Each structure stands twice: as C-alpha cells, then as structure tokens.
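Values quoted throughout were computed directly from the atomic coordinates according to the rules given, and no laboratory measurement underlies them. Please read these numbers as outputs of a predicted model, since none were measured by experiment. Glycine gets a Cβ as well: all are built from the backbone with ideal geometry, and neighbour counts include every protein chain shown.
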Amino acid sequence: MNAPQPIHHDMLLEFTGGEDDGAREQYLSFLLGDEEYAVDILKVQEIKGWSGVTPIPNCADYVKGVINLRGTIVPVVDLRLRFGLPASEYGPLTVVIVLRIVGGGRERIMGVVVDAVADVHNLPVEELKPPPTFGASVDTEYLRGLATVEERMLILLDIDRLLSSGELAVGDEGGG
Amino acid sequence: MDDMMSQFLEVFFEESFEGLDVMETALLELDSGDADLETINTIFRAAHSIKGGSATFGLGEVSEFTHLVETLLDEMRDGSRPVTAEAVNLLLQSVDCLREMLNASRDGGEPDRQRIEQLGRELHMLRDGDGGDGAGIPREEGETTAGEGEGCGWRIQFRPHANLFQTGNDPVRILRELADLGEMEVTADLSALPEFALMDPESSYCAWQITLRGPASREQIGEIFAWVEDDCDLGIEPLAAEVDEPEAAGVDQEGVEAEKSPPAIESPTDTEPAGSGTTPAAKPATRRARAGGEASSIRVGIDKVDDIINLVGELVITQSMLGQVGDRLEEGEEADSLLEKLFAGLAQLERNTRELQESVMRIRMLPISFVFNRFPRMVHDLSNKLGKQVELILSGDKTELDKTVMEKIGDPLVHLVRNAIDHGIEMPEERERAGKSPVGRVELNAYHKGGNIIIEISDDGKGLDAGKLLAKAWEKGLLPEGETLPDEKAYELIFHPGFSTAEEVSDVSGRGVGMDVVRKNINSLGGAVEIESQPGKGTRLTIRLPLTLSILDGQLVRVGEQTYVLPLTAIIESLEIDRRNVKAISGQMELYRLRDEFIPIIRLYELFGIEPDNTRLDEGLLVIVEGDGQHLGLLVDDLMAQQQVVIKSLEVNFKKVEGFSGATILGDGTVALILDISGLIKLARARAASMPGEAA
C-alpha cells in the first residue's frame, strides 16, 4: 500500500482530463445580470467575498477602489460598470475574483466584482466560436469567443486585454 | 560554466569597483602629503586583486593596465620611487580609466581605447622617465640583463597544436618551468575546446596567455619552449611594448590566431552586432549582468544578519508561548488566569515585531560614507581647476541611511558641494584680503535626529548676498521690481527655477538648473532643505531626509468616511478655522489668513468627490502643509492618530494616481491612501482651471 504506485500512461490522461481528443481548456464562469461570462481558469488566483474597498478619488467609476490582499494593494474593478451595465447592490453572493493580468509587459494582480460565480467548464477548444461582431454588451475587442454549454451561452473574455485598457492601462501602453 | 562564470563575474565587478574606490580614497590621502607605507600598501593590494581577478576572467586589457599601475605602486612601496603629485594624479586618472574599462566589459560596451593607450604611455613615460634611458628599457631595481624589453617581463602566447601530447610534451611542465623565472600569471583560453562528446583525450585544445614578470631573458624563455617550438604557435613579446599598443601588437604577433583567441567573456563585446561569439551563452550572461545593474546586491554585515536570526528565534519562542495559552484555553482552563499570560505574550510579540522590523530595515542601511567618499576626489579636481584652495572636512560618515535614499541623494549633494566651492569659496587672494585663511573650508556633516538624517553642507566662503539675489529676482521678474524680502526669504530665492547667481556661467556650475532641481529631488524623498547664510562668513545648507522610504511617520486624517495619511514632515500646523480669516478671490479660490500669510484652502472632500461630515469651514479642521515650497491648507473633518505606516505602492498592481504617493494598510486591515502634497497642488490647479467659478 505504502509503496508509490508507478504512474501509467492512462492515469496521466485521466489527470489531464483528456479523453481521446486532447485539447481542452478550463474556464471559470460567473454571472453579470442575465449573462454568463467566463475567464481562463489559469488566470484566477483566488475568489473572495466582497468586503468593501478603499475608493480611489478621481478614477473612472468602474474602478471601485483598492483592497488589502495579504499585504498587497490590489485594485478592484466592477465588471458591470466596466461593461456599462446598470450597477447592482452588492449582496452576500457578490464576489471578487482575483486575477493575474498580463498587460503592458508586466503581471498585475486585480480583482473583479461579479454578481456570482457560476461554474467551472471544461471546454473542448474546437467548440469555441468566434465572437459576433456586434450584439453583446461588451466591446467585442475584449472577447475571446463564445461557447455553448447545456443550451446556455458562455461569453469568454480576453481578460488580459480588458483589464489593461482604459483607466487600467499600464503607462502608455495597452490603452483603448 | 557560463552561468557560474557570470555569477562570479558579477562578484568580481562588484569587488573591483570597491577596490577602485579604496584606491581612490587612499590616493587622495597620498595626495594631501601624509603618505605612509600602509596607505601605499592598501592601494597596491587593491590594484593587485583587480589584476588577479581580471586575469582570471580573461579581461586581458584590464589586467595589463592594472599591471602597469601595480608596477608603479610597487616601486613606491619599496621606496625606489618618490610619491610625487604627478604620479598620484596619473594614478587617479588610471583609476578612472580602469573603472571605465570595467564598466565597459560589464555592460558590453567599448572602452575608450585612445584614453587607455594614452594613459598607458604616460605611465610608461613616468616609469621610464626616472630610469633615464627612456628607450623602452625600464629600470628595474637590482639586476638588469641585456636584451630588448627585459626587466619588466614578457607576454607569451602559447597555443599548442593538437598533436602536442603525441610528441611527449606536457604543457604543465613548461608552465612550471616558466614560473621559476619570475612572477607569472596565466590565463587559459578554452575557446577551442570542443563539446565533451567530440573531445579526443589525446589532443590538446587549450591555449595560454602568460604574463611573466621578472628579469628573465628571451633566451631563457626560448629554452623552455625549445622542445615544443614546432608543435605550437608561440608569441613572445616584451610586456612594455605590448601595452603601448595592445591591439596592434596582438595582431602582428599572432596573425589569424589572435582572432580566435579573445577569451570567452570578452567575445560579446567584440562581436556585438554579429552575436556569434565562440560561446553563444556568454552573451546572455553578460546581458543579465547589465540588467542587474549596480543596485542588484547589497553587502550586509554578518552581525546584522545574526541580529535578525536571534530576533526570529525570540519570535518563535513568543509564538509557542502564545500557542500554549491557546491550548490551555481550549482545554477549558480558567480564562482569567491565562489573560495575564496572553497579554504578556502579546506585549512580547509587539516588541519582537518592532525589533525585527528595525533589524530588517537596518539591512538596507548603509553608512553615508558611500556618498561622502566621492567628495575628496571631486573637491581635489575642482579646486585645482578653479585655482582655489579648499579643505574638505567630512564628519559623521558612519551615519546610516537607506540605500534607496542614498542613491537619490548623491547627485543633489554633488551639486551643493560644487556650488559651495564654485560660488561660496573665494579665490585665495580675495580670502586673504578679507582676513581669512587662504584655504577655504567645506564641511560635510551627517547625523541622526529623530527619525531623520540631517546632512549639513557648510562653507566659510563669502556667503549669499541678499541684495544681489533680490536684484536678480527683479531682473528675472520673479519678484515685483523694488519689493524687498527679509534676508532669509531672499536666500530662498536660489531654489527658484531658472535662478543662478554665478556672475559668469562656468562649466562647474551655474547653468541655472541647479538648486530648484536639488530642492525638488529632496522634496520628492520626503525631505526638506534649509539655507542659512552670513555675508562674509559662509553658507550652510541643511538637508533633512527620512531614514527610509518604506516607512513614514503619518498623521491620519478623516474626510467623511475615508481615512487618509498625511506625511508628518509635510505638516506645519493644524488649526480650527476662524471664519473671519477666510477670504475668497473672485469667488473661486479661498484663502486663509494665517499671521502675515495668505494660504489657499483645499477642501479635500471636494477634490476627492466624497461626502463629508459637513461642508462648513468652521466645523472642520485646517491642516497647514508645505509642498513644493508653498503652503496649503487642507480642510479635513477630523485628525486621528499619528502612527508609522508602511508605504505600499499603488503602481505595482494599478498605476500612479495623482495626489497620492502610495497606500498603506491600517491596523484593521483596511487600505488608506497616502496624500502627496505636490500632487494635490497640481490636482487643485487642474480642477480650478477646468471648472472656473464653481469652487465657491
């Protein structure tokens, strides 16, 4: 029992979740109003409940402020406001998803406020469809694609680009 | 190997730069006349280790140059050469030159070859000069053998052919025999070494560059190589000729061989554009060293580290003590009896934490001598150039301050010392006429006071002329014509942008972009600069700086529900507003009359767009702060605690926000923003400009 089991090939396949046709990506989905959005799960550092922020004066309204994440100052962005959706009251389900964002040549840690975390999806790459050129409340520039899961539409965000734009741009780069 | 090498290389550079600093300091001591043997020894030792190191790392140019310097020093050491001002000057220049060469090798740049050659020639001339013959035959103490280039030594290029071993010869034997002839330095050139798998154990791949010093003759060397002459490429040149024209000599002697032979570490410098040096890995290695720059490491005294280890030990004890209290509580022991233990533990924890914090901070602290050390040289050069006689007195150079602060204070200090010498100290005759000693004094003094470090720069020169300053201010339109100021205020004018009092612009100072930049730099470090002057007696500048940039003494202020931190150093006073003293200018800007000054009021809640307790001026408090040389009144709802806060950057994960220098985490875990006075001024100006008439 105690002896380490030799690792077989089929076990490895199980671990990576690959059945027979390899390429799959995992996404964490969350709700904003009626829509379900998703981000690459590898970008997610942690999920924490909403516990208030320190507002930063004279910033765009979607920058809610900064929080103390174990000694690091992390800005928090309200995705509803970022996308121009009506603001909602923060409730017990309101969560902050802490993400590692790469943009402008460096990695930053940022939090996004969403209505609720929904699910983790294991999506085959070929099921991702290119984003429509119009129709979503999000500027299509920040979309990575769409996917259908159990008849629901999942909007996959290019979170790096989204959170390196506008007010959140690094220096001169990444604006737009 | 390259990874290892580059790591050692970094250490070598660091140590060499330190060595050069040591040489410089010691040379300046020699300069002032009190030359003792120990000082010369110090210089010699530093030069010697640089030479050894550079030879090990294949920096041939550096080691050859250092060798020249070392030879001179050696002669001074054994008394066969007097210590002249000329020699010292030349050695000082050589130190500069070496520094440049090392910089160039580290950053992959090109050293100024002309300068190296020129200096090399001068060093030779100096040495040969008192030998008398001057024909490239340097005088060597003691024996002298016949033949060209003897005495100083030989440089030997030894590149065995691959079949050397098959002829029964052993290069080690040859090297050993050579070593018997004198002091020898060998650099192995491994660039021809193939991959391990391709290596033929019976072939020879190594080549050697040998510097042999001593009275050996060419014949003696030839004899040693007699057996292998046909099985190798051999170049033997006298050392002196070689250094005169390092490149030319190398190519002449070795022809094509020389192209292959530059040691691996130098190849990136030589083949920068092509990037296809003999060892590709060498290039990134050098690059990395460059990116690391000078700030990459810090030397910490072992005692400081031991301190921290002790403190961590205590912390662990405290933790286990608190853990015990927790366990006993869990076991249902009476809480009352444990309460005392708990408090004792917490008090101990607090003390441990504070001490640990202080100790960790101390790691970053360096003695200010790191900055001060450059001044003797600078004063020496500058006073020579200006024809003034200046004595520099340094005191308190053991005073420690944060490395970051130190790096930023260097340039402003240089500027101030230059100013003191250029503008402050008079020419010797003038000083004598004024009944002063012809030798001017510039004093640099550093000491701790409270949580600050104070640096004073004083001179006993002519002092500032308030009248002249005022005239200049009128002329430049900084002050209405004819308006006068009290002397202290007039002195402050020199901090005004575009203000320079040098009667003629020299290349030493007086470009008119000086003192304002100095003040700005010091302010940006959270410090302040003050000036005192007495006509005919001198000028004293006092710089006050925080010890560290990562901790700040802050005053917490409340505006509505938000808490902000004001740097304590910026606060002048806080007061309750007397409505009668508030004046409005054209309905836009409010001014508060405090004694004889009108201070603009900034309503923080308005600037930050937050809901305050109330908007009535007389219900709040006015905090008078100073920033960018002007006063400002900040309207806040309440003053809260004063405490030390740890500064956290907003830029790491977000960006620079105007009006804030950073953020901090308060005791309850929430974030508070730290106000930046000059940013607030800008913010308020921008606000006033964008919405005229609304601020009333």
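Annotation: amide H of B:Gly659 within the under-5 Å range of B:Gly679, B:Leu680, sequence separation 5 or more or interchain, hydrogens built in the peptide plane.
Each residue of the range A:78-88 is assigned a 3J(HN,Hα), and the resulting list reads 8, 5, 4, 5, 4, 8, x, 7, x, 5, 10 Hz, derived from the Karplus form 6.51 cos²θ - 1.76 cosθ + 1.60 (θ = phi - 60°), x at Gly and Pro. Peptide B:654-663 has a mean of 5 when you count, residue by residue, the C-beta atoms of other protein chains within 10 Å of its C-beta. I need to check one value: relative contact order of the range B:344-417, counting alpha carbon pairs closer than 8 Å and at least 6 residues apart, in percent. This gives 41 percent for the range B:344-417.
With a/c under 1.5 counting as rounded, go ahead and sort the range B:539-589 into rounded, prolate or oblate using the C-alpha gyration tensor (a ≥ b ≥ c being the square roots of the eigenvalues; past the cut-off, prolate if a/b is larger than b/c, else oblate). Oblate, since a/c reaches 1.5 and b/c is not below a/b. Under a 5 Å amide H cut-off, with hydrogens placed 1.01 Å from N, A:Gly111 pairs with A:Val76, A:Val77, A:Leu99 among residues at least 5 apart or on other chains.
In this structure, the amide hydrogen of B:His161, modeled 1.01 Å from its nitrogen in the peptide plane, lies closer than 5 angstrom to those of B:Cys232, B:Asp233, counting only residues at least 5 positions away or on a different chain.
Magnitude of the charge dipole for the range A:9-168, about its Cα centre and with charges confined to Cβ atoms of Lys, Arg (+1) and Asp, Glu (-1), is about 960 debye. Computed from the C-beta positions of B:Met640 and B:Leu338, the FRET efficiency with R₀ = 25 Å rounds to 0.15. In the range B:302-363, taking the dipole from charged Cβ atoms about the Cα centre, the farthest positive-side position among B:Gln319, B:Ile309, B:Val360 is held by B:Val360. For the range B:302-363, what class follows from the C-alpha gyration tensor (a ≥ b ≥ c being the square roots of its eigenvalues): rounded when a/c is under 1.5, otherwise prolate if a/b is larger than b/c, else oblate? Prolate. Each peptide among B:465-473, B:636-644 gets the average number of other Cβ atoms lying within 10 Å of its residues, and from highest to lowest they stand as B:465-473, B:636-644. For the listed peptides B:479-487, A:51-59, B:319-327, a ranking on the average number of other beta carbons within 10 Å per residue, highest first, reads A:51-59, B:319-327, B:479-487.
Whole-Hz Karplus values for the range B:404-410 come out as 5, 4, 4, 4, 8, 8, x Hz, taken residue by residue from phi with 6.51 cos²θ - 1.76 cosθ + 1.60 and θ = phi - 60°; glycine and proline positions read x. Would you mind classifying the range B:551-690 by shape? Square roots of the alpha carbon gyration tensor eigenvalues, ordered a ≥ b ≥ c; an a/c under 1.5 is rounded, otherwise it is prolate if a/b is larger than b/c and oblate if not. Note, shape of the range B:551-690 comes out prolate.
A simple count of charges around B:Leu675, restricted to other residues whose Cβ falls under 13 Å of its Cβ and scoring Lys, Arg +1 and Asp, Glu -1, yields -1.
Counted by neighbouring Cβ atoms within 10 Å, the residues B:Arg431, B:Arg173 run from fewest to most as B:Arg173, B:Arg431.
Summary of packing: across the peptides A:155-167, B:662-674, the per-residue average of other C-beta atoms within 10 Å ranks them, highest first, as A:155-167, B:662-674.
Take each residue in A:72-82, count the other chain C-beta atoms within 10 Å of its C-beta, and the mean is 3. When B:Cys152, B:Cys232, B:Cys206 are sorted by how many other C-beta atoms sit within 10 angstrom of their C-beta, beginning with the fewest, the order is B:Cys206, B:Cys232, B:Cys152. Backbone phi angles across the range B:183-193, fed through the Karplus curve with coefficients 6.51, -1.76 and 1.60 (θ = phi - 60°), yield HN-Hα couplings of 6, 10, 10, 10, 10, 8, 10, 9, 5, 8, 5 Hz in residue order; Gly and Pro are listed as x.
Remark: B:Trp154, B:Trp208, B:Trp474 ranked as B:Trp474, B:Trp208, B:Trp154, counting other beta-carbon atoms within 10 Å and listing the fewest first. Exceedance of the 31 Å cut-off in Cα-Cα distance is limited, within the set B:Lys468/B:Lys656; B:Lys403/B:Lys462; B:Lys398/B:Lys655; B:Lys385/B:Lys472; B:Lys462/B:Lys682, to B:Lys468/B:Lys656; B:Lys403/B:Lys462; B:Lys398/B:Lys655; B:Lys462/B:Lys682. Residue by residue along B:665-672, Cβ atoms of other protein chains within 10 Å of the local Cβ number 5 on average.
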